[in-house]
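See below for the structure under consideration.
The values are calculated or read from the model by the stated rules, or taken from the named source; none is laboratory data. As the structure is a prediction and not an experimental result, all values here were calculated from the model. Note that we place each Cβ from the backbone using ideal geometry, even for glycine, and neighbour counts take in every protein chain shown.
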Amino acid sequence: MRSVQRNILLTPGPATTTDTVKFAQIVPDICPREPEFGQLMESISTDLTAIVADEKQYTAVLFGGSGTAAMDAVLSSVIGEDTIIIINNGAYGQRMCEIATVYGLHFIEFVSPPDKPVDLSALEQILKLTHTPITHLTVVHHETTTGLLNNINAIGELCKTYQVELIVDAISSFGAVPIQMEDMNISYLIASSNKNVQGLPGVSFVIAPRQKFEGLQHVRQRSYYLNLYDQYKYFLKHNQMRFTAPIQTLYALRQAINEFMLEGIEQRYSRYTQSWESLTQGIHRLGLNHIVAEEHHSKLLTSIIEPICEGYDFQQMHDFFYTKGFTIYPGKVEKLNTFRIANIGDITHHDIDAFLVLLEIYLRDIGFPLREAVITYESKQK
Ligand SMILES: Cc1ncc(COP(=O)(O)O)c(C=O)c1O
């Protein structure tokens, strides 16, 4: 098999993929209305569901579109005329508020710090004391803004007590952090193809009990294209997406799922964790710090405080790494200058070690006072 230039994407998805996933896109032309293609999508839906739930009771509804498409589909299709609580502790919680505003939903924004766990008793007070009926609560599992992993078990317990349906954006945790929807009381789970599943961008999906999808026929649907009930029903009847499916991305996703199944979720998360440990030890050694304490950290993406040094410029640092085959990501935390390094995708701690060698060179070049330069590029070259 030919190989493709290997770029190391230290971005929180799209992530580095295997060549076998990339080449799985090269298939004979096929019309997505053919039964053969329907079977491919059905197998993808079943296997994605099995990662987090019993596939006999739950199913995954697929959309052509990035993760935000599935967030949009859920918010526009699931919430009736009552109120939803949106936990906002980062850019993706904020995005849910923006989507809810566009659709004119009644929502309560629960703002929480981007680097600290959610205050559960304050959340409970809202559930207990709000007079308008609250039917749903939504939260991002892994806030990719900072690396904060929200405590879904505890939030799910609260939702159970107050009989509120829990919607989880698991776009950046699915396929790495183990999730069991029933045990965690999650009604709707949102994820996509191009993060920890290690597929290519272009497919997002919503997993829920079949019976919940059936119930959506009674909810006013607000979007034509991203209509969750219609997409579910159409697939059930025809084994097809309502509109043209991203064919090649789906073939690549099938291959990515096969590779995921071979590795297993525990092994995958442990490979990622090993990379995270190398990364955090390495940056500390060089004198940099990250935000979010280890006990609340996803270990998938790290938000690092930018070096305080006159010579520092994020774009220049990005370009330095880019020419060497590594892509890094800007920060997203308000009022704090950070940049982000993700350690997901088809990479290992050896790639992180190579990144750290280059980081040391960059920091040295800009005159940053290195705490302890134990790795030196020159010695690695010998
Ligand atoms: C938690 C979370 N939600 C939503 C999104 C949006 O996904 P997309 O950019 O694929 O639309 C992302 C993307 O990084 C994410 O990390």
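Is it the case, given these coordinates, that residue 83 is farther than 22 Å from residue 187 by Cβ, modelled with pLDDT of 95 or more and away from the ligand (no atom under 16 Å from the Cβ)?
Values: farther than 22 Å from residue 187 by Cβ: no; modelled with pLDDT of 95 or more: yes; away from the ligand (no atom under 16 Å from the Cβ): yes.
The answer is no for residue 83.
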Flagged in the stretch 22-58 as within 19 Å of the chain's Cα centre (by Cα) and either farther than 14 Å from residue 258 by Cβ or part of a helix (DSSP H, G or I) (or both), in numbering order, are 44, 45, 47, 48, 49, 50, 52, 53
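Identify, from the list 118, 111, the residue that is closer than 17 Å to residue 168 by Cα and exposed (fewer than 13 other Cβ atoms within 10 Å of the Cβ). Break it down into steps so the answer makes sense when it comes.
Values: 118 fails: exposed (fewer than 13 other Cβ atoms within 10 Å of the Cβ).
Sole residue among the options that is closer than 17 Å to residue 168 by Cα and exposed (fewer than 13 other Cβ atoms within 10 Å of the Cβ): 111.
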Exactly one of 143, 214, 182 is of a type in the set (Asp, Glu) and in contact with a helix residue (DSSP H, G or I) (Cβ under 7 Å, 6 or more places away or on another chain), and that residue is 143
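Of the residues 73, 69, 15, only one is within 20 Å of the chain's Cα centre (by Cα) and either at pLDDT below 95 or not in a helix (DSSP H, G or I) (or both); which?
15
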Exactly one of 157, 214, 182, 165 is farther than 22 Å from residue 329 by Cα, in contact with a His (Cβ under 7 Å, 6 or more places away or on another chain) and modelled with pLDDT of 95 or more, and that residue is 165
Note on residue 225: of the conditions (1) hydroxyl-bearing (Ser, Thr, Tyr); (2) over 15 Å from residue 136 (Cβ atoms); (3) touching a residue at least 60 places away in the same chain (Cβ under 8 Å); (4) within 16 Å of the ligand (Cβ to nearest atom), unmet is (3)
Residue 57 passes all but one of the listed conditions (1) touching a residue at least 60 places away in the same chain (Cβ under 8 Å); (2) surrounded by fewer than 17 Cβ atoms within 10 Å (Cβ to Cβ); (3) closer than 30 Å to residue 131 by Cβ; the exception is number (3)
Here, helices (runs of 4 or more DSSP H) confined to the stretch 90-182 with at least 1 residues that are within 11 Å of the ligand (Cβ to nearest atom) are 91-102
